[in-house]
Amino acid sequence: MAPEDARAPQTSPSPSPDLGGVPGEVPDLGGGLPEFGSGVSGGLYHERQRLELCALHALNNLLQRPWLSKAAADSICQRPPRLSPNSRPNPHRSPLGTGNYDINVVMAALGTLGLAAIWWDKRRPLEHLALPRVLGLLLNVPSRVTLGTLSLPLCRPHWLGVRQIRDVFYNLDSKLRSPEVIGDETQLSS
């Protein structure tokens, strides 16, 4: 995720209340990147996996605050001028109402904050990415399906976030009990 315009003003507007946003001005970190919670006081913000809400958890974990709600993500899918008003079933989420949001929902939500998802092919070297201008990495990876302690021979897509806070990168995957330290940029790219 990167700012759509590197010449952003010194403060960003508050997140849209219709997206379950937390009101208030967001101070600038410099370089046009707004600070979306840094875990400075009280540790890192980390939501745990619930239902199929990994996209929602990944965004909130990257932003380091409870910003996007399930109701807000569902709203992006349904109401005009959103993605697919009046579509049954809605192609951007699970027909069971459990989440499983696609990239279109993620991108629409990020757009309300002036952020954009930049597609990155994992075959390209990470060194080609301007990490100081990136808020975080949002990954869609295959993940094993489990029922309790039983692991099934199936994989489903799963969203997770990686973010640098101070000089350390963290894996903020909602399936983890707590964030895991990755290390510096060298460890991130290895």
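Pairs are defined by a Cβ separation below 9 Å, a sequence spacing of at least 6 or placement on different chains, a first member in the range 129-145 that is assigned to a helix (DSSP H, G or I) and at pLDDT below 85, and a second member that is of a type in the set (Gly, Ala, Ser) and surrounded by fewer than 15 Cβ atoms within 10 Å (Cβ to Cβ); the pairs so defined are 132/31; 133/6; 133/31.
Select from the range 138-164 the residues that are farther than 16 Å from residue 52 by Cα and over 15 Å from the mean Cα position of the chain (by Cα) and list them in ascending order. Residues satisfying the conditions are 149, 150, 151, 152, 153. Contact map, the range 112-125: residues that are β-branched (Val, Ile, Thr) paired with residues that are outside any strand (DSSP E or B), Cβ distance under 7 Å, separation 6+ or inter-chain. Pairs shown: 112/15; 112/16; 112/19.
What about residue 71, is it open to solvent by 50 Å² or more (accessible area, probe 1.4 Å), among the small types (Gly, Ala, Ser), in a helix (DSSP H, G or I) and modelled with pLDDT of 80 or more? Taking the combined requirement at face value, the residue satisfies it. Applying the condition of being small (Gly, Ala, Ser) and touching a Pro at 6+ places or on another chain (Cβ under 9 Å) to the range 93-136 and asking which residue is surrounded by the most Cβ atoms within 10 Å (Cβ to Cβ) yields 114. Pairing residues of the range 63-76 that are free of Cβ contacts under 8 Å to residues at least 60 places away in the same chain with residues that are among the β-branched types (Val, Ile, Thr), at Cβ distances under 8 Å and at least 6 apart in sequence or on separate chains, gives 65/22; 66/22; 67/22; 73/105; 76/105.
The values are calculated or read from the model by the stated rules, or taken from the named source; none is laboratory data. Here the structure is a predicted model, which is why all the values come from computation and not from measurement. All Cβ positions, glycine included, derive from the backbone under ideal geometry; neighbour counts span all protein chains shown. Protein only, heavy atoms only, side chains kept; ligands, DNA and RNA dropped before computing areas. Shrake-Rupley method; radii C 1.70, N 1.55, O 1.52, S 1.80 Å.
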